[in-house]
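Written below as structure tokens is the structure these notes are about.
Only the coordinates and a few stated rules stand behind these numbers; no lab work does. As the structure is a computational prediction, the values presented were derived from the model and not from experiment. For neighbour counting, all protein chains shown are included, and Cβ atoms are generated from backbone atoms with ideal geometry for every residue, glycine included.
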Amino acid sequence: MKTSKIDKTDNNKHSPFWGAAGILALLLSLCFVLGAFAGCIGGDSGEADDGEAENGESSPQENGDENPYPNAGTGKLGVLVAAHGMPGDWNVRLNLWAEEISLPVPVELGFLEYSPEQTIDGAVQKLEDAGATEIAAILLMINTNSSHTHEMTEALENATEKTPIYCATLGMDNDTETIDSIISRGLTLCKGEPGPLHPTNTEVAPKEATLIFVMHGDCEPWFKNWEALGESLKSGIAERGIFKEVSFCFKYEGKLGGAIDSASGHPLVVPHFI
């Protein structure tokens, strides 16, 4: 088995995953760059050309039907969505999002930990059983340089010996859309609309609020990478000039209470996890 990276010229630019919309947006956009997989989703098979099918019938394009994925359809490509996993409802939510994915190729979700019935190995096996001969892996990770990065890579390397796996993305990092997502949830909290993530009805102007985004964090020597990511996201949010103050902390350190106490404005706590 082999792993490689697709269109990874900038390690700081990745697509974000927030809810079904985020996953669907990335996977659907992936279909438009599958030219890199021309050989694994049909491409030039040497068995049919000029829109003519093997049975001599016209292709959908010739019949006038719109086909947004003209290179897809042989079922040779599979898409693996891989996440770390957590007990309880954590994995349930990701499965609900994955059920909404609609692609012309098989898609499977696998977890690195806490889900023995839904492992990365098992997801790869299902894709192979569905006929996939190449797999595009999309890793749902906040930080692409954490202690779990090599664990994910190792899991992919050990998942199969016969099917190439290509990492289409390694995670979110400091992508512009990641910054947009954190800001959007902060602005939602400002509205004071009761809900599961903002149970109070306190309305506050953004210019009077301190946005505090919370990430998981990590042990040394990986912690410095999380700090660098936090500073980059903080800078990107502050540059927009929306909130009075922007700060961040880590669940790993248990310093959320201190961040709230030291806020110069009304504290808005935004979790940044997958």
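Numbers at a glance
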| read-out | value |
| --- | --- |
| Segment Ser184-Ser102, extension gain: residue separation times 0.36 nm, minus the distance between their alpha carbons | 26.9 nm |
| Which of Cys249, Trp226, Ile260, positive extreme of dipole for segment 176-271 (C-beta unit charges) | Ile260 |
| Amide H within-cut-off set for Lys255, under 5 Å, with H built and near neighbours excluded | Phe250 |
| Residue order, fewest to most beta carbons within 10 Å, for Cys167, Cys219 | Cys219, Cys167 |
| Inter-site label distance for His150 and Met86 at 7 Å from Cα along Cβ, in nm | 2.5 nm |
| R0 of 41 Å, Cβ-Cβ distance Glu220-Glu177: FRET efficiency to nearest 0.05 | 0.85 |
| Residue pairs, from the table Lys76/Lys126; Lys224/Lys244; Lys76/Lys162; Lys191/Lys234; Lys126/Lys162; Lys224/Lys251, whose Cα atoms sit over 18 Å apart | Lys224/Lys244; Lys191/Lys234 |
| Unit charges on C-beta of K, R, D, E only; dipole of segment 128-244, Debye | 700 debye |
| Shape of segment 176-271, Cα gyration tensor, a/c cut at 1.5 | prolate |
